[in-house]
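These notes concern the structure reproduced below.
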Amino acid sequence: MYKWLASLIIIAAAATGCTTAANKEPSPSPQHNQSIRAKQSDVKKEITDPKQVSAHLEQIAMSVNGVQNAHCVVFGNTAIVGIDVDEKLERSRVGTIKYSVAEALHKDPYGIDALVSADIDIAERLREIGNDIRAGNPITGFAEEMADIIGRIIPQLPRDIIVPDQAETGGQDGAVANY
């Protein structure tokens, strides 16, 4: 049994060695190819008008088939785009739509480094942050929504539950407080 296995490994190694020896051409090098140029979309533009860029990126996202709505929030030079898709779609189809949105944004100098999420809760939070920004409360709105997002991510540990003293609740020993 071991002789056959050893023989197969030796044959496989010999066959692999033969195929690499036949390729005598060097791999292409960027130093030898002067025609390589950076694509225009690889250059990110500085965001000077966040509201205009947000609306622009939302339009790009909504132009992708399967996107029902899009919400974009711009902070500094970073954009986060949340997309709404049909809730009945399979996860793989949602992933394909999200990838298509990322491809569309990649072609835009403002969207090349944008973050794209198809999570229903994140998209809703981005919509609420956008509403707060338009209402003139960008810092407060962002802080409240981030607190909500982090509150959903962080697990609740039973050990961390603080049970009020029995004297304060007026309950009996062993009684469970209703929250």
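Below is a table of values for the structure above.
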read-out: Portion, in percent, of the accessible area of the range 110-161 that falls on carbon or sulfur, probe 1.4 Å; value: 58 percent
read-out: Accessible surface of the range 48-95, 1.4 Å probe, proportion on carbon and sulfur as whole %; value: 46 percent
read-out: Rounded FRET efficiency, nearest 0.05, which uses the C-beta distance separating Gln52 from Lys107 and R0 of 25 Å; value: 0.90
read-out: Extension gain from Tyr99 to Asn137, taking 0.36 nm per residue of separation minus the Cα-Cα distance; value: 10.5 nm
read-out: Potential extension, Lys45-Met146 segment - 0.36 nm per residue separation minus Cα distance; value: 33.7 nm
read-out: Extension reserve of the Glu90-Leu115 stretch, reckoned as 0.36 nm per residue once the Cα distance is removed; value: 6.9 nm
read-out: Accessible area expressed per residue, the range 97-136, with surrounding protein chains retained (probe 1.4 Å, Å²); value: 51 Å²
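The values are calculated or read from the model by the stated rules, or taken from the named source; none is laboratory data. It should be emphasised that the depicted structure is a prediction, and the values quoted were computed from it without experimental measurement. Don't worry about glycine lacking a Cβ; one is built from the backbone with ideal geometry, like all the others, and counts go over all protein chains shown. Heavy atoms of the whole protein, side chains included, go into the accessibility calculation; ligands, DNA and RNA do not. Shrake-Rupley method; radii C 1.70, N 1.55, O 1.52, S 1.80 Å.
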